[in-house]
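Please read the structure below before turning to the comments.
Just so it is clear, none of the values below were taken in a lab; they were calculated from the coordinates. Nothing here was measured: the structure is a model prediction, and the numbers come from that model. So basically every Cβ, Gly included, is an ideal-geometry build from the backbone, and we count neighbours across all protein chains shown.
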Amino acid sequence: MSSKKEITLKLLEFLPADDRLTYDQALVDWWMIFTKQDGLRLTQNGFDIFKKQHITSYGFAVPKIYRMGDLLVLSRKLDCPYYIESGKTPVLHLFGSTQATMYAMYGDLSRFLRYLERT
């Protein structure tokens, strides 16, 4: 598992000098940051950067996430970057093959969240 700092610094290395942000700018622009303990949830800009760099993601259609508790579980327990694509049919994009495999095995967001809570 890599930290947000490690991931951000590594990604900044790969960006062309013209597109490169400072580390502090990248943190604000790429990551959802509400508290010091925030997880690895990406903003739209962060998701776009990951996709432009051809970082593999796995998308899963999910019901709309209304409960704040569900978002907290994802933030606290997921150890890979992720993005929640909103819309009529939301999609949870996971940038980690292990987590994506576990989600596929559980096949359902609520069951996957219960698994994450236990780990």
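All but one of (1) over 14 Å from the mean Cα position of the chain (by Cα); (2) in a helix (DSSP H, G or I); (3) surrounded by 13 or more Cβ atoms within 10 Å (Cβ to Cβ) hold for Gly46; which doesn't?
Of the numbered conditions (1) over 14 Å from the mean Cα position of the chain (by Cα); (2) in a helix (DSSP H, G or I); (3) surrounded by 13 or more Cβ atoms within 10 Å (Cβ to Cβ), the odd one out for Gly46 is (1).
If I filter region 50-79 down to residues being of a type outside the set (D, E, K, R), in a helix (DSSP H, G or I) and within 12 Å of the chain's Cα centre (by Cα), which single residue comes out as nearest to Leu12 (Cα to Cα)?
The selected residue is Phe50.
Scan region 92-114 for residues that are exposed (fewer than 15 other Cβ atoms within 10 Å of the Cβ), closer than 18 Å to Gly69 by Cα and not small (Gly, Ala, Ser) and report the count.
Of the residues in that region, 3 qualify.
Go over the candidates Asp38, Asp29, Asp24, Asp18 one by one and state the one that is closer than 23 Å to Leu116 by Cβ and without any contact (Cβ under 8 Å) to a residue 40 or more places away in the chain.
Details: Asp29 fails: closer than 23 Å to Leu116 by Cβ; Asp24 fails: closer than 23 Å to Leu116 by Cβ; Asp18 fails: closer than 23 Å to Leu116 by Cβ.
Sole residue among the options that is closer than 23 Å to Leu116 by Cβ and without any contact (Cβ under 8 Å) to a residue 40 or more places away in the chain: Asp38.
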